Amino acid sequence: FSNNDLSFLDADISSKQDLVIVNPSSSYFDTIKKQPDYLINFEKTSLTNCINNEFNSLEGISKIVSDNGRLVYIVETLNIKESKTITSMFLEAHKDFFLLEEKQYLSYDEYGSNIYYAIFQKDGGNK
């Protein structure tokens with residue numbers, strides 16, 4: 001899905017899911033290689049809004065993860081605030097999740113994209 005308002009999930013998803021993948025819109029900071037003027041045109045306030053939207057997407061989608069289910073957060077960026085910081089914020093806010101794995105890939109495809117992922121698992125009481 002591509003939607004910042006996740007309220008539709010309650011109506012559209014009838015049961016909790018074992019695997020949920022979220023890839024929210026990001027700052028696309030990795031495009032700096034293709035757009036040298038990226039930093040000239042980039043506004044700091046838009047990064048704050050972007051990070052809030054990414055966190056809210058992760059927060060909202062976490063509600064449909066079943067006990068012992070996995071939540072995969074993927075974001076195309078080099079920006080640590082959009083990767084490790086959001087992961088830390090999510091874990092701080094959700095003691096019922098723990099981090100299984102996280103990794104930053106640099107230039108993973110022919111377009112030179114960079115991607116970060118984190119895999120969380122929801123604690124079903126038997127870690």
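The values are calculated or read from the model by the stated rules, or taken from the named source; none is laboratory data. In this text the structure is predicted, and so the values were computed from the model without any measurement. Note that each Cβ is placed from the backbone with ideal geometry, even for glycine, and that neighbours are counted across all protein chains shown. Protein only, heavy atoms only, side chains kept; ligands, DNA and RNA dropped before computing areas. Shrake-Rupley method; radii C 1.70, N 1.55, O 1.52, S 1.80 Å.
Within the stretch 58-84, how many residues are touching a residue at least 24 places away in the same chain (Cβ under 8 Å) and either over 14 Å from Tyr116 (Cβ atoms) or surrounded by fewer than 14 Cβ atoms within 10 Å (Cβ to Cβ) (or both)?
13
Condition check: assigned to a loop (DSSP other than H, G, I, E, B), out of contact with any Gly (no Cβ under 7 Å at 6 or more places or on another chain), open to solvent by less than 80 Å² (accessible area, probe 1.4 Å) and at pLDDT below 80. Does Ser46 satisfy that?
Numbers: assigned to a loop (DSSP other than H, G, I, E, B): no; out of contact with any Gly (no Cβ under 7 Å at 6 or more places or on another chain): yes; open to solvent by less than 80 Å² (accessible area, probe 1.4 Å): yes; at pLDDT below 80: yes.
So Ser46 does not fit the description; no.
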